[in-house]
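Here is the structure we will look at, set down as structure tokens.
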Amino acid sequence: MSAKHDKRSASYNELEAGTKQARPIQHQRGPEIQPYGKIAKLPIALDEKICAASTENLNQILADTMTLRDMYKKHHWQVAGPTFYQLHLLFDKHHGEQDELVDQIAERIQLLGGISLAMAADVAETTMIPRLPRGREPVPVQLSRLLEAHELILKEAHTMAKIASEAGDDGTNDLLVSNVIRTNELQVWFLAEHLVDVPVVREKSASAGS
Ligand SMILES: [Fe+2]
């Protein structure tokens, strides 16, 4: 064996050792660093009890907002009929706006020192919005269900905004009023106008022959 070859063998062994170190360590488990429901307080000039109360309320709004967001995608996919194109697009727009709210609510919970709900099974256990059938429903039913979900969230948001304001949690109050309430109100308008029973082609008072 040449000296050159020996050198390459030694260097190969070194490389092999280095590769071991670079391999990902998989299948790791360990205790949680913060249990759900406990506050890891940050220096934001708010009392821990206020943070805990806001966190609990925001997690309820979060679970309901995630459910409404997912309702929009279900209806985006399953909508049928002459208004398919406009509702298919509108439902996806509202889905995107609800998804932005989800992120804003979840991140407010985290900065309050809490833990935001995240996984579908936990959201399903928490939401107050009734479970939908898996099958396809007609447009008026889709719109009615969406309006009911919006109103449930709006009622919660009004109550929780007042509680946050009285407790001095201005950031939570602002999020609920400026983002959650304003977005949901606007979306209600865009949905509700589709349920006004106006003539599409002929004015009802016009005679059949005219
Ligand atoms: Fe799509």
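Brief remarks follow.
Residue-by-condition table, conditions (1) over 19 Å from the mean Cα position of the chain (by Cα); (2) over 26 Å from Pro35 (Cβ atoms); (3) of a type outside the set (Asp, Glu):
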| residue | (1), (2), (3) |
| --- | --- |
| Pro82 | yes, yes, yes |
| Ser116 | no, no, yes |
| Asp122 | no, no, no |
| Arg134 | yes, yes, yes |
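- Count - residues of the range 93-119 that are more than 20 Å from Pro133 (Cα to Cα) and in a helix (DSSP H, G or I): 18
- The test for being touching a Ser or Thr at 6+ places or on another chain (Cβ under 7 Å) and either among the aliphatic types (A, V, I, L, M) or away from the ligand (no atom under 14 Å from the Cβ) (or both) holds for Val102.
- Scanning the range 27-77 for residues that are among the aromatic types (Phe, Trp, Tyr), open to solvent by 80 Å² or more (accessible area, probe 1.4 Å) and in contact (Cβ under 8 Å) with a residue 12 or more places away in the chain returns a single hit, Tyr36.
- Scanning the range 106-144 for residues that are of a type in the set (Lys, Arg) and touching a Pro at 6+ places or on another chain (Cβ under 9 Å) returns no hits.
- Of all residues in the range 79-92, those satisfying the criterion of being more than 11 Å from the ligand (Cβ to nearest atom) and open to solvent by 40 Å² or more (accessible area, probe 1.4 Å) are Ala80, Gly81, Pro82, Thr83, Phe84, Tyr85, Gln86.
- Of the set (1) within 17 Å of the chain's Cα centre (by Cα); (2) over 12 Å from Thr67 (Cβ atoms); (3) away from the ligand (no atom under 16 Å from the Cβ), all apply to Ile163 but (1).
- Checklist (1) open to solvent by 80 Å² or more (accessible area, probe 1.4 Å); (2) closer than 17 Å to Leu175 by Cα; (3) among the aliphatic types (A, V, I, L, M) applied to Met128, failing item: (2)
- Selection of the range 40-83 for residues being part of a loop (DSSP other than H, G, I, E, B), of a type in the set (A, V, I, L, M, F, W, C) and farther than 20 Å from Gly96 by Cα yields Ala40, Leu42, Ile44, Ala45, Leu46, Ala80.
- Here Leu146 passes the criteria (1) farther than 30 Å from Ile33 by Cα; (2) surrounded by 19 or more Cβ atoms within 10 Å (Cβ to Cβ); (3) touching a Lys or Arg at 6+ places or on another chain (Cβ under 7 Å) except the one numbered (3).
- Condition met for Leu132 (farther than 17 Å from Phe190 by Cβ, part of a loop (DSSP other than H, G, I, E, B) and in contact with a Lys or Arg (Cβ under 7 Å, 6 or more places away or on another chain)): yes
- Residue in the range 162-181 that is in contact (Cβ under 8 Å) with a residue 12 or more places away in the chain, in contact with a helix residue (DSSP H, G or I) (Cβ under 9 Å, 6 or more places away or on another chain), open to solvent by 50 Å² or more (accessible area, probe 1.4 Å) and under 21 Å from Leu111 (Cβ atoms) present: yes
The values are calculated or read from the model by the stated rules, or taken from the named source; none is laboratory data. For clarity, every value in this text was computed on a predicted model and none was experimentally measured. Positions of Cβ are backbone-derived with ideal geometry, glycine not excepted, and every protein chain shown enters the neighbour counts. Side chains included, ligands, DNA and RNA excluded: accessible areas come from the protein's heavy atoms. Shrake-Rupley method; radii C 1.70, N 1.55, O 1.52, S 1.80 Å.
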